[in-house]
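The values are calculated or read from the model by the stated rules, or taken from the named source; none is laboratory data. Keep in mind it's a predicted model, so treat the numbers as computed, not measured. Cβ coordinates were reconstructed from backbone atoms using ideal geometry, including for glycine residues, and neighbour counts include every protein chain displayed. The protein model used for the area step is the full one, side chains on, heavy atoms only, and it has no ligands, DNA or RNA in it. Shrake-Rupley method; radii C 1.70, N 1.55, O 1.52, S 1.80 Å.
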Amino acid sequence: MAARMLRSGAARGLLAEQSERGLFQNVFPAADQLVELLAPGRPPLAAYCGFDPTADSLHVGHLPALLALLHFQRAGHRVIALVGGATARLGDPSGRGAAREPLPPERLQAHARGLRDGLHRVFENHHRLFWPEAGGLRLGDVELLDNMQWLGRQPLMDFLANVGTRLRMGTLLSREACQARLQSDSGMSLAEFLYPALQAYDFLHLYTHHGCRLQLGGTDQMGNIMSGHDLVTKVTGEEVFGITVPLITSTTGDKLGKSAGNAVWLNRDRTSPFELYQFFVRQQDRIVGRYLKLFTFLPLAEIDHTMEMHAKEPEKWGPQKRLAAEVTKLVHGQEGLESAKRCTKALYHNNLESLETMSEQELQELFREAPFAELLLEPGMTVLDLCRKAKAIPDGPRGYQMITSGGVSINYIQETNAEAVLVVGQHILKSGISLLKIGKKNFYIIKWLQF
């Protein structure tokens, strides 16, 4: 009923706009009460979303929840990004057919640091690159917290007495995630069964200490959100709320994420700005309009216009390029976007100028699987010498013939003279790098120690 109310326009402002974008899907327990709390002139609300550090980076599947927090922040509300340093030790059973492999505490701590760094970067990029265009309106405060700060110090008996007595077994057992796991071959551990109780306690703690009245999460988190609502209302007598955001799936319908093995990461050392940019550039026409609404701050009217122009000029890939640019800038900043564009020109347009300005890091990101070699430039060194020292061609006549037959290029320039002496500025870029290509797909990155 809440979702129908939002789509029908019964709600106003933030809820209505984000429902129209497809970002807010369901409001629990009732949309009309939350609309009243979010009405103009009312005090700012505090909203939170949790991110368990099962890996050291966020991924594209986390973007809807991140955008939901940012939209609340843009509306002047306080937002809390909660890293689940404690809950990750148990593992959320929602949407999983088997228990997660337990991680050592020191690895969980490293993962938590990676998530905090990624969250901080996204909020900073938003503030610096997207908010100045908002006309001077007040941006809400943001806090980055870790539930290890309170769950790590929570005595077991106190937790069971204060929380366990207020959550009903029948209700927890009836949750879809619990039912699915209990009926599976692997069953469900006690630790996983208690996960909703720990997440519910997070909501209670954040309400008590931070005045938080709203939890955001994916549609697969509805059961956990409902448990948090039950606990907070029973303990405090106050009404709190939950909003679900959509899950992002692959073209085959699988949820994007670490468990599915198809994650597109938001940390540069896992997925480069170029790879993130290309992920969104490659989105199909049937999905790109929806993604522009979900993942950007572009006005809906501008998105509609972009899609209308795309219908007339589909060969320009206008919506895909705009989507890729907006997301890459939010995740990696302006420099990351420029890096992605340089790499795109260098790889797909054989643009020597872009190649010339690429850093060593960008080259290694662009040609992630390419062998990397450091060589000393010797007087009179030839194309043949380079290929052999880089172990890019076989010894003997066959390797020599690969060059003379046109199968070798250096910095996108084909070289058929195996005895040609290497020239700085042509074979060796100003950055001291050479990009050696053998055949159609085999790249080698050469870093010259002296040139």
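The table for this structure:
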item: nm² value of the averaged projected area, convex hull over the Cα atoms of the chain; result: 26.5
item: The chain - percent relative contact order, Cα under 8 Å, separation 6 or more; result: 15
item: Segment 305-451: mean projected area of Cα convex hull, nm²; result: 10.3
item: Spacing of the two label points (7 Å from each Cα toward its C-beta) at SER359 and GLU238, in nm; result: 4.5
item: Greater than 18 Å apart at Cα, pairs in LYS293/LYS321; LYS321/LYS440; LYS389/LYS447; LYS391/LYS437; LYS345/LYS389; result: LYS321/LYS440; LYS345/LYS389
item: In Å, descending, principal axis extents of the Cα set of segment 373-451; result: 30, 24, 19
item: Residues PHE297 and SER431, FRET efficiency given R0 of 25 Å [Cβ-Cβ distance, rounded to 0.05]; result: 0.10
item: Relative pair counts by distance (%), Cα atoms of segment 109-226, 10 Å bins; result: 10, 31, 33, 17, 8, 1
item: Part-to-part distance (alpha-carbon centres) for segment 67-92 and segment 168-234, which is given in Å; result: 16
item: Gain upon complete extension [ASN350, ARG107; 0.36 nm per residue less C-alpha separation]; result: 83.4 nm
item: Principal semi-axes in Å for segment 128-170 [√(5λ), Cα gyration tensor, largest first]; result: 41, 14, 8
item: Carbon and sulfur %, accessible surface of segment 109-258 computed with the full protein complex present, 1.4 Å; result: 53
item: Per residue solvent-accessible surface (Å²) - the chain, probe of 1.4 Å; result: 47
item: Net charge dipole size for the chain [Lys, Arg +1 and Asp, Glu -1 on Cβ; Debye, nearest 20]; result: 420
item: Only Lys, Arg (+1) and Asp, Glu (-1) charged, at Cβ; segment 173-247 dipole about Cα centre in debye; result: 80
item: THR165 accessible area, assembled protein chains, probe 1.4 Å, Å²; result: 80
item: Among beta bridges that DSSP assigns inside the chain, antiparallel share in %, nearest 5; result: 40
item: Stokes-Einstein D in µm²/s, Kirkwood radius over Cα pairs - segment 347-411 at 20 °C with 1.002 mPa s viscosity; result: 157
item: Theoretical gain in end-to-end length, LEU37 to LYS441 [0.36 nm per residue, Cα-Cα removed]; result: 139.7 nm
item: Probe 1.4 Å, all protein chains present, accessible-area order of ARG213, ARG290, largest first; result: ARG290, ARG213
item: ASP220-PHE372 pseudo-label distance in nm [points 7 Å out on the Cα-to-Cβ vector]; result: 3.3
item: Nearest 10 degrees, 0 to 90: helix 222-236 Cα axis against the chain principal axis; result: 40
item: Potential lengthening between VAL421 and ARG168 on full extension [0.36 nm per residue; Cα-Cα distance subtracted]; result: 83.2 nm
